[in-house]
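Chemist: Before anything else, here's the structure in question.
The values are calculated or read from the model by the stated rules, or taken from the named source; none is laboratory data. Just so it is clear, the structure is predicted and the values come from calculations on it, not from any experiment. Counting neighbours? That spans all protein chains shown, and the Cβs are built from the backbone with ideal geometry, glycine included.
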Amino acid sequence: MTWKWEPRGEPTAALVWGVSLGAVAFAMILTGILFAFFGVAPIPAFVTIVERTILDARGLSEVVRRSIPLMLAGVGLTLAFRARFWNIGAEGQLLIGAVAAAGVALFSGLPATLLLPTMFIAGFLAGAAWGLGPALLKVRLGVNEIITTLMLNYVAIYIVRWLINGPWKGRSMAGFAYSDMFDPAAFIPTLGATRLHWPTLLLAILAALLVTWLLARTRFGFEVRMMGESPEAARYAGVDFFRTTLILVLVSAGAAGLAGVGEVAGIHRRLVDPGSLSIGYGYTAIIVALLARRNPLAALVTALFLGWVAASGDVMQVALRLPSQITGVTQGLVLLSVIGAEPLLRYKLVRVRKTQPPTAGEVA
Amino acid sequence: MTPSSGPEPQPPLLEMRGVTKRFPNVVANDAVDLTVARGQVRALLGENGAGKTTLVHMLYGLQAPDEGAILLHGQPTRFRSPRDAKAAGIGLVAQHFHLARRHTVAENLALALPGTPALFPTRALARPVKELTERYGFEVDLTARVSRLSPGEQQRVEILKALLQGAELLILDEPTSVLTPQEAHRLFAVLERMKADGKGVIFISHKLDEVLAIADRITVLRGGRVVADEAAADTTAAKLATLMVGREVARGRSEASREPGPVRLAVHDLSVHADTGEARLKNVTFHVRGGEIVGVAGVAGNGQAELTQVLTGLHAPSSGSVHLDDVNVAGASVRDLFARGVVHIPEDRNDMGVVGAMRVAENLVMRRHREAPFSKGRLLDWRAVGEHADGAIRDYAIATSSKDTVTRQLSGGNVQKVILARELGGKPGLVVASHPTYGLDVAATELTHALLREQRDRGAAVLLVSEDLDELLDLTDRILVLFRGEVTGVVDARGASREAIGLLMAGDRSPLETQGGSLTSARIDPHDGVNEVSA
Ligand SMILES: Nc1ncnc2c1ncn2[C@@H]1O[C@H](COP(=O)(O)OP(=O)(O)O)[C@@H](O)[C@H]1O
Ligand SMILES: [Mg+2]
């Protein structure tokens with residue numbers, strides 16, 4: 001009697017959910033073990049975290065507001081990943097979106113009613129433009145988009161740094177590297193005294209619905225799925241790779257740009273250091289999209305989960321005195337478990353009886 | 001069944017007893033018994049999917065049997081890997097070659113040999129290679145790069161490799177599928193000498209005449225089971241065909257119901273280059289009329305793939321014209337050509353013909369999804385897609401649990417039905433079919449043939465690329481033969497001889513010269529061809 005792996009048919013939805021939740025639970029257990037290494041008892045630690053994030057109104061608002069940029073960028077990535085355009089550049093697209101919104105807020109002089117809408121449009125277009133180069137390089141010259149999108153993140157980081165230390169450095173900010181504070185008309189309204197900038201949250205939900213609709217109902221979405229599942233078949237079906245890739249990257253990168261608008265105008269209200277503007281939301285959004293198995297509606301849920309991980313990081317630092325890097329470690333563990341659990345969707349462990357003759361060596 | 005049933009006086013070279021191999025959806029081998037004696041050629045005959053390759057993979061250590069025993073020289077044996085099998089004297093020439101294409105023949109041979117020195121690895125080879133090639137009567141150029149060799153030459157390298165490794169039992173998996181009929185005869189001569197040397201051979205094929213020509217004993221597999229084990233001398237092609245398929249097979253031509261119409265496709269002076277700049281098609285000229293099936297014959301890799309790609313818009317020609325109903329469409333896009341009524345049954349049905357991860361209903365519209373009623377503006381009408389799927393599944397008897405099943409779960413024959421339903425359902429003007437029956441069972445093959453004939457009879461022009469000469473002879477009106485990207489001849493399929501087409505496939509135009517280009521020598525029935533071959 002031995003065990004062996006056997007391929008299974010198409011995974012059911014229940015199996016996908018089960019495996020995903022199992023992977024997340026596994027990552028949480030590993031995180032708990034990590035707590036123990038820091039001399040923090042895991043169970044009480046998790047109780048504290050849950051108390052201060054989920055059971056506390058203010059804590060809950062922090063979870064949701066952390067998940068807003070993850071939702072927007074993550075939903076965009078689900079579309080790109082459906083076509084197997086591996087956009088690793090949401091971080092840079094988010095930052096450039098924030099820069100564009102800050103530019104409009106600081107310098108446009110638009111009337112108050114037009115200001116916020118223009119900032120969102122500018123952020124979307126700027127993010128989209130940041131994705132355009134890699135998209136063109138890929139469809140025209142076959143340059144790997146993983147590398148180009150990733151490298152553009154650093155360009156975006158340094159553009160923000162340069163702006164806040166140079167041309168856009170605020171007059172009122174003395175020695176600090178910030179831009180001036182925006183006019184209050186450029187603030188995204190928040191829910192009560194929290195930092196939950198709800199219009200951006202609505203936008204994120206709309207984006208998820210829109211991408212779902214694009215994929216399910218439109219010819220464009222059908223062709224995106226064909227391109228992602230089988231490029232050969234897409235060519236045979238006459239899909240215009242150039243046009244389709246361009247559109248999907250613009251939508252995907254534009255959504256990340258919107259996330260940047262939300263952060264800069266909903267939280268900071270001025271252009272700040274890239275490290276404060278985004279705590280790696282663009283990278284975490286990759287986990288959001290993959291954990292959601294490239295389903296835009298599911299990305300709303302996984303964004304909430306990773307938003308919770310980020311908000312828990314704050315609690316861990318303050319209440320449990322754990323190092324700030326613990327958030328990144330937890331995120332990494334989630335990603336590894338999810339990827340590691342992938343084979344469980346395609347293979348099952350079965351028991352086999354062996355009735356085989358001995359090997360030649362054993363007989364001779 | 002027990003291995004200790006007493007040593008026989010002279011145990012056979014190989015004996016397989018009750019070997020069973022199961023895959024998730026299919027029993028590929030079901031209690032198979034097979035013996036090979038020294039100096040014997042054992043043919044393994046069966047349709048595509050009968051389990052021939054699986055059986056020999058177990059002999060070669062590539063797969064482990066679920067049940068049963070393998071005895072070599074009467075000793076129970078189990079191979080964990082091809083290394084074990086080679087050490088035990090088993091050689092395999094696989095259906096797809098395993099050669100390092102960028103390296104020379106000598107380097108490939110050195111790589112395969114144990115104990116090759118690290119420096120100047122090819123030096124020690126010259127002598128053993130010379131011995132072997134002289135003994136078995138075939139030449140190979142040791143200094144040639146494998147990528148420059150024809151499939152037939154590559155096959156000789158594979159055989160040489162196995163012999164150098166000391167094979168006593170040589171397995172050839174569908175060796176003739178890459179050969180012209182003449183090359184096949186040369187291979188048979190080599191096998192005869194190996195027989196005389198006391199080696200055992202397992203020869204896999206689904207072609208009856210070949211099997212009767214070369215084998216001593218024939219095992220027929222059907223659906224993973226042995227349905228016959230007979231001496232070649234005691235059987236006939238008709239009997240084998242019935243055994244192989246499980247019922248009597250109707251064969252023969254069915255002529256078009258009416259005369260061909262006007263020329264629909266006219267290709268003139270067409271040349272195509274690969275991305276590397278290599279010429280793949282050179283000045284190809286031919287035409288196809290409506291109501292006519294034109295076949296394209298040739299050994300794999302002589303430009304057939306490029307021809308279908310250019311005609312369907314997947315590859316741009318470098319020069320020449322392609323007229324479709326008097327409009328030059330050379331270089332037009334896939335979408336444009338499809339809109340003009342050019343449909344394509346692609347060679348690679350699983351990766352190109354369908355999107356395996358998408359639902360059957362989606363695959364049934366995938367090239368037509370821009371047309372009404374499937375598209376309304378930029379939106380898809382899923383209800384129309386679903387209704388169309390219901391109709392197609394019914395009309396083409398596609399075996400699927402539902403129209404929403406993921407297409408990769410379908411069997412090969414049903415995947416092909418999805419493609420046929422989609423491509424032929426829209427009244428095409430030109431049908432380009434590439435190896436449409438490769439790997440299909442008999443029922444699906446017959447359906448495919450019937451559908452192509454139906455297209456012919458309703459006036460479509462049909463271009464059929466196939467490696468199966470019988471298929472071409474039965475189905476087509478004329479046959480275009482390609483060799484190294486050039487048309488070596490166009491012959492009338494009525495009365496064409498396999499041998500003549502074989503010569504043309506090898507680039508030898510003499511049949512055209514001796515017969516004034518008409519090539520109307522009495523057609524040899526494929527079943528009578530047996531006499532030809534063994535004579
Ligand atoms: N690795 C595999 N996994 C699942 N099914 C397989 C595998 N290899 C072969 N099969 C199935 O086993 C059957 C026999 O295949 P094969 O031995 O390749 O047939 P043949 O060589 O006679 O054409 C087919 O139905 C095929 O689909
Ligand atoms: Mg096979």
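Chemist: Within the stretch B:438-447, is even one residue modelled with pLDDT of 90 or more and buried (at least 16 other Cβ atoms within 10 Å of the Cβ)?
Modeler: Residues of the stretch B:438-447 modelled with pLDDT of 90 or more: B:447.
Of the ones still in play, those that are also buried (at least 16 other Cβ atoms within 10 Å of the Cβ) are B:447.
Yes, that holds for at least one residue.
Chemist: Among A:206, A:202, which is away from chain B (no Cβ under 14 Å), of a type in the set (A, V, I, L, M), within 26 Å of residue A:20 (Cβ to Cβ) and assigned to a helix (DSSP H, G or I)?
Modeler: A:206
Chemist: Could you look through the stretch B:83-96, keep only residues that are within 16 Å of ligand 1 (Cβ to nearest atom) and surrounded by fewer than 21 Cβ atoms within 10 Å (Cβ to Cβ), and pick out the one that is nearest to residue B:244 (Cα to Cα)?
Modeler: At the first step, the residues of the stretch B:83-96 found to be within 16 Å of ligand 1 (Cβ to nearest atom) are B:92-96.
From the residues that got through so far, the ones that are surrounded by fewer than 21 Cβ atoms within 10 Å (Cβ to Cβ) too are B:94-96.
On the way: B:94: 22, B:95: 20, B:96: 23 Å.
Top of the filtered list is B:95.
Chemist: Same structure again: Is one or more of the residues making up the stretch B:282-297 without any contact (Cβ under 8 Å) to a residue 60 or more places away in the chain and on the phi > 0 side of the Ramachandran plot? Quick ask: steps written out before the conclusion?
Modeler: Here is the first cut: in the stretch B:282-297, the residues without any contact (Cβ under 8 Å) to a residue 60 or more places away in the chain are B:287.
Keeping just the survivors that are on the phi > 0 side of the Ramachandran plot gives none.
No.
Chemist: Here is a follow-up. Restricting to the stretch A:95-114, what's the tally of residues that are within 20 Å of residue A:72 (Cβ to Cβ), surrounded by fewer than 21 Cβ atoms within 10 Å (Cβ to Cβ) and of a type in the set (A, V, I, L, M, F, W, C)?
Modeler: Total satisfying the criteria: 0.
Chemist: Next question, about the same structure. Confirm whether residue A:325 is crowded, with 18+ Cβ neighbours inside 10 Å and at pLDDT 60 or above.
Modeler: For residue A:325, the condition - crowded, with 18+ Cβ neighbours inside 10 Å and at pLDDT 60 or above - is not met.
Chemist: Search the stretch B:17-48 for residues being within 12 Å of ligand 1 (Cβ to nearest atom) and hydrophobic (A, V, I, L, M, F, W, C), and hand back the single one that is nearest to the other protein chains (Cβ to nearest Cβ).
Modeler: B:23
Chemist: Another one. Which ones in the stretch A:211-252 are of a type in the set (D, E, K, R) and within 9 Å of another protein chain (Cβ to nearest Cβ)?
Modeler: A:217, A:219, A:223, A:225, A:229, A:232, A:235, A:240, listed by residue number.
Chemist: In the stretch A:182-190, is there at least one residue being over 19 Å from residue A:255 (Cα atoms) and without any contact (Cβ under 8 Å) to a residue 24 or more places away in the chain?
Modeler: Taking every residue of the stretch A:182-190 in turn, at least one turns out to be over 19 Å from residue A:255 (Cα atoms) and without any contact (Cβ under 8 Å) to a residue 24 or more places away in the chain.
Chemist: Further question: State which residue is farthest from ligand 1 (Cβ to nearest atom) when the search covers only the stretch B:196-214 and only residues that are assigned to a loop (DSSP other than H, G, I, E, B) and not small (Gly, Ala, Ser).
Modeler: The residue in question is B:197.
Chemist: Do we find a residue being within 29 Å of the chain's Cα centre (by Cα), within 14 Å of chain A (Cβ to nearest Cβ) and within 13 Å of ligand 1 (Cβ to nearest atom) anywhere in the stretch B:49-62?
Modeler: So far as the stretch B:49-62 goes, yes, one or more of its residues are within 29 Å of the chain's Cα centre (by Cα), within 14 Å of chain A (Cβ to nearest Cβ) and within 13 Å of ligand 1 (Cβ to nearest atom).
Chemist: Residues B:272, B:284: which one is under 17 Å from residue B:491 (Cα atoms), among the β-branched types (Val, Ile, Thr) and assigned by TED's automatic domain parsing to the domain that holds residue B:326?
Modeler: Values: B:272 fails: under 17 Å from residue B:491 (Cα atoms).
Criteria check complete, one pass: B:284.
Chemist: Is there any pair with a first residue in the stretch B:185-201 that is surrounded by 13 or more Cβ atoms within 10 Å (Cβ to Cβ) and a second that is in a loop (DSSP other than H, G, I, E, B) and among the basic types (Lys, Arg) whose Cβ atoms are under 8 Å apart and which are 6 or more apart or on different chains, and what are they?
Modeler: Qualifying pairs under 8 Å: B:199/B:38; B:200/B:38.
Chemist: Let me ask you something else. Can you tell me which residue is nearest to the other protein chains (Cβ to nearest Cβ) among those in the stretch B:144-181 that are more than 16 Å from ligand 2 (Cβ to nearest atom), in contact with a strand residue (DSSP E or B) (Cβ under 9 Å, 6 or more places away or on another chain) and of a type outside the set (A, V, I, L, M)?
Modeler: Going through the qualifying residues, I end up with B:168.
Chemist: Turning to a different aspect of this structure: I'm told residue A:293 meets every condition in (1) closer than 27 Å to residue B:377 by Cβ; (2) under 17 Å from the mean Cα position of the chain (by Cα); (3) not hydrophobic (A, V, I, L, M, F, W, C) except one. Can you identify the failing condition by its number?
Modeler: It is condition (1) that residue A:293 fails.
Chemist: Among B:188, B:138, B:97, which is touching a Lys or Arg at 6+ places or on another chain (Cβ under 9 Å) and under 30 Å from residue B:503 (Cα atoms)?
Modeler: The match here is B:138.
Chemist: For the structure I just gave you, tell me whether residue B:2 is modelled with pLDDT under 90 and either of a type in the set (Ser, Thr, Tyr) or more than 15 Å from ligand 1 (Cβ to nearest atom) (or both).
Modeler: The answer is yes for residue B:2.
Chemist: Take the residues of the stretch B:72-118 that are of a type in the set (Ser, Thr, Tyr) and in a loop (DSSP other than H, G, I, E, B): which is nearest to ligand 2 (Cβ to nearest atom)?
Modeler: Here the residue is B:81.
Chemist: Name the residues in the stretch A:205-226 that are crowded, with 23+ Cβ neighbours inside 10 Å and of a type in the set (A, V, I, L, M, F, W, C), would you?
Modeler: Once the filter is applied, which keeps residues that are crowded, with 23+ Cβ neighbours inside 10 Å and of a type in the set (A, V, I, L, M, F, W, C), the stretch A:205-226 yields A:207, A:208, A:211, A:222, A:224, A:226.
Chemist: Going through the stretch B:389-411 one residue at a time, which ones are hydroxyl-bearing (Ser, Thr, Tyr) and closer than 13 Å to residue B:358 by Cα?
Modeler: Initially, the stretch B:389-411 is screened for residues hydroxyl-bearing (Ser, Thr, Tyr), giving B:396, B:400-402, B:405, B:407, B:411.
Scanning the stretch B:389-411 gives B:402, B:405, B:407.
Chemist: Can you find, within the stretch B:411-430, the residue that is farthest from ligand 2 (Cβ to nearest atom) among those that are of a type in the set (A, V, I, L, M) and out of contact with any Phe, Trp or Tyr (no Cβ under 6 Å at 6 or more places or on another chain)?
Modeler: Checking each candidate, the answer is B:430.
Chemist: Which condition does residue B:158 not pass, out of (1) surrounded by 19 or more Cβ atoms within 10 Å (Cβ to Cβ); (2) assigned to a loop (DSSP other than H, G, I, E, B), if it passes all the others?
Modeler: That leaves (2) as the condition not met.
Chemist: What pairs come out if I take residues in the stretch B:5-18 that are under 17 Å from residue B:67 (Cα atoms) and pair them with residues that are modelled with pLDDT under 95 and not in a strand (DSSP E or B) whose C-beta lies under 6 Å away, six or more apart or interchain?
Modeler: none
Chemist: Condition first: more than 16 Å from ligand 2 (Cβ to nearest atom), assigned to a loop (DSSP other than H, G, I, E, B) and assigned by TED's automatic domain parsing to the domain that holds residue B:198. Can you find one or more residues in the stretch B:42-60 that meet it?
Modeler: no
Chemist: Regarding residue B:442, is this residue more than 14 Å from chain A (Cβ to nearest Cβ) and within 16 Å of ligand 1 (Cβ to nearest atom)?
Modeler: Yes, satisfied.
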